[in-house]
Amino acid sequence: MINLAPLARNWRFLASALGTSLLLSALAMLLGLLVGTAVGLLRTYGPRQLGVLLALYVDSFRAMPLLVILVWTFFAFPLVVGYSLDPLWAGVIGLGLHSGAYIAEVIRAGLTSVRRGQMRAALALGMKRGQAIRTVILPQAAIRMLPPLGSQLVLVIKDSAITAVIAVPELMRQSQVLASQTFRPFEIYTTVMIVYFCLTFPVARGVDRIFRRLAPLGAS
Amino acid sequence: MTYDWSVVWEYRWLLLEGAWTTIELTVLTMALAVVGGVALAMLRMSAFAPVRTLATAFVEFFRATPLILQIYWVFYVLPAAFDVRLSAFATGLVGLSLNVSAFNSETFRAGITSIRRGQWHAALALGMTRRQVMRRVILPQAVWRVLPALASTWVSLFKDTSLVATIAVADLAYNALQIRARTYRILEVLTAMAVLYWLMGYPQAKLVDWIHRRFEVVE
């Protein structure tokens, strides 16, 4: 019944797909962190008009399915700019901007969770605003942001599978290819499911553990 | 590049039908997943250790793997391995419900355990049975506490229903992609799809923010 030979024959194919999944997740998370940190900081400390605009970005990207964002980025966006995008880069941009919206909220929540008195105290000590944010607020806020950021990383790894719809040659896509070539969907999809589990479960648990160790540092 | 937006109006009924399927799928999945989530939460608090372990494994597995893969698994593996034949819509419903049940069970479990133990002790000391304590003291409070988390799950679910387009369930995403393939008006159709999702999703996201503010627990 169960035939693992096609899997054994094609393990290199799936291993390189796994590599693409990891690369895609890492790049998307990096972009998400960059965009999210900038947006989170500007929404908390920036000018009001800009805040309204950034709020629209955050709420819109939280309101639309990732599949829609990816499909639009890959198929429609190139028609606007007249410049075609590689699937991998479309995936990184779509996934990164999507998670950036969530990360911005995490950053903002972390920054506003530090009591206002601390900012006032720092200013009273003669610090500049930027200095107070950098040396007083951020170190405390950063530790509080770690657990939700860890969950976000897990989400990005899981969501990277959705880029299969724009044919990024990552694990999900390549397992579809393999399943249709070998006619062994059961073995292939089950194995790939286990691979994803082995990838995200330790990340989720590791984040929990690091957080428990660091949590006392974030108390104020 | 010239744009021809009339194609969106021409196919408006197909798009709206798709949007209706998306809503149907969201509502039905949530209804099933609330029941499934309560059942899983109960199993995880069972006195019988193997039941607890199995329920925990189920929940952890569905939370740690991509939903799109779970949907594929249900679509390709159930018919082949267990000879279960379901329509595409039912397949999508099953896949989504299993996933959301796992997330809901965590929400319910957190809601129940968030009620301080002292309340159990106090109620038991007043002579209530465990069942009475659960029904009259714990659950009425827990229901309000899980509401914000359930609302967030709702919005995620609404967005995730688009993944069933990959197994040819005629939801908004699938219909839009079909219209795109038929008319080649890629930008117009895909933008219309994104706008429709936005029109449905944005108010929901705002409502969820409001629910979070309104029902935030302050002890």
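Structure notes:
- Only listed residue being within 14 Å of chain B (Cβ to nearest Cβ), more than 21 Å from B:Ala173 (Cβ to Cβ) and of a type in the set (A, V, I, L, M, F, W, C), chosen from A:Leu66, A:Leu153, A:Leu50, A:Leu95: A:Leu153
- Flag if B:Tyr174 is more than 7 Å from every other protein chain (Cβ to nearest Cβ), on the phi < 0 side of the Ramachandran plot, assigned to a helix (DSSP H, G or I) and hydroxyl-bearing (Ser, Thr, Tyr): yes
- Spans of helices (runs of 4 or more DSSP H) in the range A:111-185 with at least 2 residues within 30 Å of B:Trp73 (Cβ to Cβ) and charged (D, E, K, R): A:138-159
- In the condition set (1) surrounded by fewer than 18 Cβ atoms within 10 Å (Cβ to Cβ); (2) within 14 Å of chain A (Cβ to nearest Cβ), B:Leu196 is compliant with all but (1).
- Filter result for B:Thr56 (among the polar types (S, T, N, Q) and in contact (Cβ under 8 Å) with a residue 40 or more places away in the chain): no
- Any helices (runs of 4 or more DSSP H) falling wholly within the range A:44-98 and containing at least 1 residues that are in contact (Cβ under 8 Å) with a residue 60 or more places away in the chain: A:66-71
- Restricting B:Ala33, B:Ala80, B:Ala39 to residues that are in a helix (DSSP H, G or I), loosely packed, with under 15 Cβ neighbours inside 10 Å and among the small types (Gly, Ala, Ser) narrows the list to B:Ala80.
- Some residue of the range A:134-143 being buried (at least 20 other Cβ atoms within 10 Å of the Cβ), within 25 Å of the chain's Cα centre (by Cα) and not hydroxyl-bearing (Ser, Thr, Tyr): yes
- Answer from B:Leu190, B:Leu150 - the residue that is under 26 Å from the mean Cα position of the chain (by Cα), more than 14 Å from chain A (Cβ to nearest Cβ) and under 29 Å from A:Ala164 (Cα atoms): B:Leu150
- Candidates B:Phe103, B:Phe82, B:Phe89 - the one that is under 29 Å from A:Tyr189 (Cα atoms) and free of Cβ contacts under 8 Å to residues at least 24 places away in the same chain: B:Phe82
- Only a single criterion out of (1) touching a helix residue (DSSP H, G or I) at 6+ places or on another chain (Cβ under 6 Å); (2) surrounded by fewer than 21 Cβ atoms within 10 Å (Cβ to Cβ); (3) among the charged types (D, E, K, R) is not satisfied by A:Arg205, namely (1).
- Filter result for B:Ala122 (aliphatic (A, V, I, L, M), surrounded by fewer than 14 Cβ atoms within 10 Å (Cβ to Cβ) and part of a helix (DSSP H, G or I)): yes
- Number of residues in the range B:1-18 that are surrounded by fewer than 19 Cβ atoms within 10 Å (Cβ to Cβ) and in contact with a Leu (Cβ under 8 Å, 6 or more places away or on another chain) equals 2.
- Close Cβ contacts (under 8 Å, 6 or more residues apart or on different chains) running from residues in the range B:163-186 that are free of Cβ contacts under 8 Å to residues at least 24 places away in the same chain and over 15 Å from B:Val94 (Cα atoms) to residues that are assigned to a loop (DSSP other than H, G, I, E, B) and among the acidic types (Asp, Glu) are absent.
- Output for the range A:189-220, where each listed residue is among the basic types (Lys, Arg) and within 14 Å of chain B (Cβ to nearest Cβ): A:Arg205
- Scope the range B:44-74; condition among the hydrophobic types (A, V, I, L, M, F, W, C) and over 18 Å from the mean Cα position of the chain (by Cα); matching residues: B:Met45, B:Ala47, B:Phe48, B:Ala49, B:Val51, B:Leu54, B:Ala55, B:Ala57
- Every listed requirement among (1) in a helix (DSSP H, G or I); (2) more than 7 Å from every other protein chain (Cβ to nearest Cβ); (3) in contact with a Gly (Cβ under 9 Å, 6 or more places away or on another chain); (4) among the aliphatic types (A, V, I, L, M) is met by B:Leu163 save one, (2).
- Yes/no for B:Arg135 being within 17 Å of the chain's Cα centre (by Cα) and within 23 Å of B:Ala39 (Cβ to Cβ): no
- A:Ala179 vs. criteria facing chain B (nearest Cβ under 8 Å), within 20 Å of B:Leu163 (Cβ to Cβ) and buried (at least 23 other Cβ atoms within 10 Å of the Cβ): no
- Evaluation of A:Ala15 against (1) more than 13 Å from chain B (Cβ to nearest Cβ); (2) in contact with a helix residue (DSSP H, G or I) (Cβ under 7 Å, 6 or more places away or on another chain) (one fails), failing number: (2)
Any read-out appearing in this document is the output of simple, stated calculations on the displayed coordinates, not a laboratory observation. Just so it is clear, the model here is predicted, and its values are computed rather than measured. Glycine gets a Cβ as well: all are built from the backbone with ideal geometry, and neighbour counts include every protein chain shown.
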